[in-house]
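Submitted below is the structure of interest, expressed as structure tokens.
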Amino acid sequence: QMAFSEIVDQYGTLMLRTASMIVGDRDIAEDVVQDALIQAWHHLADLRKAGALRPWLMRIVVNQCISFKRRLARTTAFMRQALSEQETDLIAQAADDHKGRMERDWDLACAIESLPMKQRVVIVLHYYNSMTLPEMAQTLNTSENTLKKRIQAALSNLRRILRASNAEEENSFGSGHPHMVPSVA
């Protein structure tokens, strides 16, 4: 039987990375993971029964991220202005600072952030956390078939978003650079 501290040691980083990619902010992700760990602590008995630790913890993290996003949606309206100004600065700065590979990763990260929540979750779990479809099905309580379709929808959305941003760049700079787009696995 694993002690709770071992669970934190072994899965804390994975939980944080997952939350960071879903909520797009490291500090918020830390709060989300704190909440998720408190949930896990309260439901330790269920966990012992479930046996499969990683999917169970991932499910809690994903649920915490989703409920955070819901809370956020309620307070977003007046923050939008401030954020869009800040984002414009960040994007300009990122374009100045990092050419080539970093720029492509930035584009991809932005593209992933603009996906619908369910699509973003499957891309993060599958490509960034290397979860298999069976593991994801268990984590998200969804059939593998549905997840396969969701991944394909997400990838075609990513292609469309990246193509659009590529076209805009070609129009404004006269020359584009190839973007890194994951191929359908």
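Laboratory data are not the source of any read-out in this text; all were calculated from the coordinates shown. Please read all numbers here as calculations on a predicted model, not as lab measurements. Glycine gets a Cβ as well: all are built from the backbone with ideal geometry, and neighbour counts include every protein chain shown.
If I filter segment 24-67 down to residues being more than 18 Å from ALA3 (Cα to Cα) and among the acidic types (Asp, Glu), which single residue comes out as surrounded by the most Cβ atoms within 10 Å (Cβ to Cβ)?
Of everything passing the filter in segment 24-67, ASP35 is surrounded by the most Cβ atoms within 10 Å (Cβ to Cβ).
Matching residues to (1) in contact (Cβ under 8 Å) with a residue 12 or more places away in the chain; (2) within 13 Å of the chain's Cα centre (by Cα); (3) farther than 16 Å from GLU135 by Cα:
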site: ALA19; (1), (2), (3): yes, yes, yes
site: HIS42; (1), (2), (3): no, no, yes
site: ARG48; (1), (2), (3): yes, no, yes
site: ALA52; (1), (2), (3): yes, no, no
site: ILE66; (1), (2), (3): yes, yes, yes
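Mind listing just one residue for me: the one in segment 137-166 that is without any contact (Cβ under 8 Å) to a residue 12 or more places away in the chain and touching a Leu at 6+ places or on another chain (Cβ under 7 Å) and, of those, farthest from VAL61 (Cα to Cα)?
GLU144
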